[in-house]
Amino acid sequence: MGDCIFCRIASGEMKTPLLLENDSVAAFSDINPQAPVHVLVVPKEHVETTNELSGKPELVQKLFLACLQVAEQTGLAEDGYRIVANCGAKAGQSVYHVHFHLLGGRPMSWPPG
Ligand code: AMP
C-alpha cells in the first residue's frame, strides 16, 4: 500500500523513531499525543481494520505482546495504561492500517467519549 502512512513508517521508508521493531510489528509515538505516553503499535503488513485480524491469530498475539513490551519499556506497566483499537468510522478510525493505541502517564476516565 504505497500511500499508507503507517506502512511507510513501519517499513522504515519514513524516518520515524521506532520504540520497538520485530519481523511483524513496529511501535512509534503518536504525532498528536493524548497522554504523556501515547504509542501506536502496528503490523508491518497492511491490514485495514481489526475486522481483518480475525484470520490472523498469530499477528494478534504479536501485536498484543508488543503493546505489553512497550508498556514495560516506557514505565507504564506498574501504574497502569490503556490499550485502544478504533475500528471503522463510528469508532473514529482515521488511519486505515490497524493500530493499537497504548496510552498512559495520566489518570483516565471511563467510559471514553
Ligand atoms: P485512529 O483515529 O484510531 O485511526 O488513530 C490514528 C492516530 O494516528 C491518531 O492518533 C493520529 O494522531 C496518529 N497519526 C497520524 N499520522 C501519524 C504519523 N505520521 N505519525 C504518528 N502518528 C500519526
(request) Under 1.5 on a/c is rounded, so check that first for segment 55-104, then, if it is not, pick prolate when a/b is larger than b/c and oblate when it is not; a ≥ b ≥ c are the square roots of the alpha carbon gyration tensor eigenvalues. (result) oblate
(request) Select from A27, T49, M14 the residue farthest towards the positive end of the dipole of the chain; place +1 on Cβ of Lys and Arg, -1 on Cβ of Asp and Glu, and compute about the Cα centre. (result) T49
(message) Highest mean first, how do 36-44, 53-61, 7-15, 99-107 rank when packing is the count of other Cβ atoms within 10 Å averaged over residues?
(response) 36-44, 99-107, 7-15, 53-61
(request) Show that you can apply the helix-only estimate: for the chain, add -39,500 (n - 2.57) for every DSSP H stretch of four or more residues, divide by all residues, and state [θ] at 222 nm to the nearest 500. (result) -6500 deg cm²/dmol
(request) Of all alpha-carbon pairs in the chain, indicate the percentage at a distance above 17 angstrom. (result) 53 percent
(request) Report, to the nearest 10°, how far helix 57-73 tilts away from the longest principal axis of the Cα atoms in the chain, using its own Cα long axis and a range of 0 to 90°. (result) 40 degrees
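We did not get these values from a lab; they are worked out from the coordinates using the rules stated. It should be emphasised that the depicted structure is a prediction, and the values quoted were computed from it without experimental measurement. Don't worry about glycine lacking a Cβ; one is built from the backbone with ideal geometry, like all the others, and counts go over all protein chains shown.
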